[in-house]
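**Student:** Sharing a structure here in structure tokens format.
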Amino acid sequence: MKAHRLILSACIAAVVAKAYTFERLDKNNAVLLVVDHQIGLAQLVRDFTPTEFWNNVLAHAALGNLFNLPTVMTTSAETGPNGYLPREIVEMHPNAPLIRRNGEVNAWDNPEFRAAVEATGKRQVILAGIVTEVCTAFLALSLREAGYSVWANTDASGTFTPRLADEANRRMEQAGVHLMGMFGIVGDLMRDWRNTPGGAEVFPYLDTYLKAFSITARAHGGAVENGTMVPGEAELI
């Protein structure tokens, strides 16, 4: 009986693998959504440090300019405790729609916001919001229901606890939402370092928002420009 179960499991896995289609992000068919990244709501985020999350939120917003993506921003009850959208984000996108919702928890329930997304004509959506299980998940699930492909930026979506983030991400994943961090999103949109935007544009972006990668690039650049081998170093290569 155990052998039969193993064979059945292997067959199911083979069928699933054969049926899988890798859907890639297309910078020409993608829209960026900045959802409720408000000063008041940011104080609720406990699954990132404040410094880390602030960096990730700005990095998310900057994707729009890096890849020339149409961008739609929205806030929820910003005159109350949720607060305003940081000026740094607004200044990145002076000509982008900013939809100020006064009641709808799910941004997709707001006709003006929905119209702004639809007006882009794009079918792939990159989004992030505060909090993950509400502002990100509700919108992501609604977009999936409406037929969009959705990428939730897990680096720029935050909530009260890691458990709540895990539950929200699992719910989205079960609905077909792609869960991906900023570096993965950048890599999929760029595809090739020789493209435009490619290395010349992406390295400065990463130097600002992903210091771990930036340090690697700086170390290599410094070694090429100024470096010499010390005894024994060549043997390590």
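**Student:** Among 99, 154, 85, which residue has its Cα positioned farthest towards the positive end of the charge dipole of region 71-167, with +1 placed on the Cβ of Lys and Arg, -1 on the Cβ of Asp and Glu, and the dipole taken about the Cα centre?
**Tutor:** Highest projection toward the positive end goes to 99.
**Student:** Mind putting a number on the dipole of the chain about its Cα centre? Charges go on the C-beta only, +1 for Lys and Arg and -1 for Asp and Glu, and I need it in Debye to the nearest 20.
**Tutor:** Numbers: 20 positive and 25 negative charges, 144 e Å.
For this selection, approximately 680 debye.
**Student:** Sticking with this one: Can you tell me the order of 129-137, 74-82 when each peptide is scored by its average per-residue count of other Cβ atoms within 10 angstrom, highest first? Before the final figure, lay out the partial values.
**Tutor:** Working: 129-137: 25.0, 74-82: 18.3.
Sorting 129-137, 74-82 by mean packing, highest first, produces 129-137, 74-82.
**Student:** Using a 1.4 angstrom probe on heavy atoms only, work out the carbon and sulfur share of the accessible area of region 126-237 in %. Write out the running numbers ahead of the final one.
**Tutor:** Working: 3380 of 5950 Å².
With neighbouring chains kept in place, the figure for region 126-237 is 57 percent.
**Student:** I've got another one for you. Please compute the per residue accessible area over region 18-150 with all protein chains in place, 1.4 Å probe, rounded to a whole number of Å². Kindly include the intermediate steps, with their values, before the conclusion.
**Tutor:** Details: 6010 Å² over 133 residues.
Heavy-atom SASA per residue in region 18-150 reads 45 Å².
**Student:** Between residue 24 and residue 212, what is the spin-label point distance in nm, taking each point 7 Å from the Cα along the Cα→C-beta axis?
**Tutor:** 2.5 nm
**Student:** Rank by packing, highest mean first: peptides 43-54, 104-115, with packing defined as the count of other Cβ atoms within 10 Å averaged across residues.
**Tutor:** Working: 43-54: 15.1, 104-115: 16.9.
Final packing ranking: 104-115, 43-54.
**Student:** Give the Cα extents of region 105-237 along the principal axes, in whole Å, largest first.
**Tutor:** Computed over the Cα atoms, the extents are 65, 35, 22 Å.
**Student:** Using only the alpha carbons, work out the radius of gyration and Dmax of the chain in angstrom.
**Tutor:** Final numbers for Rg and Dmax: 20.7, 67 Å.
**Student:** So what's the gap between the Cα centers of region 44-95 and region 102-170, to the nearest angstrom?
**Tutor:** When both Cα centres are located, 14 Å separates them.
The values are calculated or read from the model by the stated rules, or taken from the named source; none is laboratory data. The structure presented is a predicted model; accordingly, all values stated were derived computationally and were not measured. Ideal geometry is used to build each Cβ from the backbone, glycine not excepted, and the neighbour counts take in all protein chains shown. Protein only, heavy atoms only, side chains kept; ligands, DNA and RNA dropped before computing areas. Shrake-Rupley method; radii C 1.70, N 1.55, O 1.52, S 1.80 Å.
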